[in-house]
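Structure first, commentary second.
Derivation of every value follows stated rules applied to the coordinates shown; laboratory data play no part. No experiment lies behind these values; they were computed from the predicted model shown. No Cβ is skipped: glycine too gets one built from the backbone with ideal geometry, and neighbour counts run over all protein chains shown.
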Amino acid sequence: MADLDLHIKGGTVVDGTRVPRYRADVFIKDGKIAQVGGRSPGFAKKTIDAGGMIVAPGFVDLHTHYDAQIRWDPYCTISGWHGVTSVVLGNCGFGFVPVRPDFRERSMLTMTRTEAIPY
């Protein structure tokens, strides 16, 4: 029986702590990082060879314009292609929600003009 879920082997770790990148193995258990570097703490169910690749935590995109796009692209696909795992919506001063009923049309017109989103 495996002690770990995943062993990411031989990747270049860029961890966001401002230390220079380094080559290390990353061990995952129960969806969380169990260990970075050192000897394997056990047998993993799956191993991924990350040689020649960057291993980094997911990124948070604090400034997006997904207010409407999230309706037809619930995965915010473009951000995911760039390593983003979390996005923040509605922080540009205008968006679709929350909005008072008497401002709904104005809000939609603003998005049509500013973001080229069809009315």
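Look at 82, 7 and count the other Cβ atoms within 10 Å of each Cβ; fewest to most, that gives 82, 7.
When the alpha carbon coordinates of the stretch 59-115 are projected onto the principal axes, the ranges are 38, 18, 17 Å, largest first.
By how many nm would the segment from residue 84 to residue 114 lengthen if fully extended, with 0.36 nm per residue of separation less the alpha-carbon distance?
Using 0.36 nm per residue and subtracting the Cα-Cα distance, I get 8.4 nm.
Taking a Cβ cut-off of under 13 Å around residue 114, the surrounding Lys, Arg, Asp and Glu residues balance to a net charge of 0, with basic ones at +1 and acidic ones at -1. A DSSP coil position with no more than 10 other Cβ atoms inside 10 Å describes the following trypsin sites (Lys or Arg not before Pro) in the stretch 10-119: 18, 39. Going from the residue with the fewest nearby Cβ atoms within 10 Å to the one with the most, 12, 77 rank 77, 12. All C-alpha pair distances within the stretch 4-55, sorted into 5 Å bins from zero, spread as 5, 23, 30, 25, 13, 3, 0 percent across the bins.
For residue 48, the residues whose modelled amide H falls within less than 5 Å of its own, excluding neighbours fewer than 5 places apart on the same chain, are 7, 8, 9.
One equal scatterer on each Cα of the chain, no solvent, Debye formula: the resulting log10 I(q)/I(0) at q = 0.13, 0.15, 0.19 Å⁻¹ is -0.68, -0.77, -0.99. Charging the Cβ of each Asp and Glu at -1 and of each Lys and Arg at +1, and nothing else, the dipole of the chain about its Cα centre rounds to 220 debye.
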